[in-house]
Amino acid sequence: MAFGQACLPPAEPYPYAPPRNDPELRAFINDEYAAYMEGIEDYMRCLDDEARRAQDEARVIFDRWVGYFGDEAVIRDRRPEQ
């Protein structure tokens, strides 16, 4: 079985409004937001890939379980009784 990958979110840009009278700082802040948006897209793609991998793995394991145990392969309800 393949191991999952670690999907790490990017650091959020600091939430302050850029000054209108400092073009360099505005450009820096704009670049920070652009980098975040690129990073969050990569992060969401990673999560999607990991979800697909986990579903594929679960399907393989489930099919093996049913193949080994047939009708004995029962998922029990683990919620506490009320």
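The values are calculated or read from the model by the stated rules, or taken from the named source; none is laboratory data. Computed from a predicted structure; not experimentally measured. With ideal geometry, Cβ positions are generated from the backbone for all residues, glycine too; neighbour counts draw on all protein chains shown. Heavy atoms of the whole protein, side chains included, go into the accessibility calculation; ligands, DNA and RNA do not. Shrake-Rupley method; radii C 1.70, N 1.55, O 1.52, S 1.80 Å.
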- Query: Listed residues Arg45, Arg26, Arg76; which is of a type in the set (D, E, K, R) and loosely packed, with under 10 Cβ neighbours inside 10 Å?
  - Reply: Arg76
- Message: Only one of Ile75, Ile29 is over 25 Å from the mean Cα position of the chain (by Cα), assigned to a loop (DSSP other than H, G, I, E, B), more than 15 Å from Gln5 (Cβ to Cβ) and not basic (Lys, Arg). Can you tell me which?
- Response: Ile75
- Item | Residue satisfying all of: in segment 1-15; modelled with pLDDT under 95 and of a type in the set (A, V, I, L, M); most open to solvent (accessible area, probe 1.4 Å) among these | Met1
- Could you tell me whether any residue of segment 49-68 is open to solvent by less than 100 Å² (accessible area, probe 1.4 Å) and within 16 Å of Ala11 (Cβ to Cβ)? no
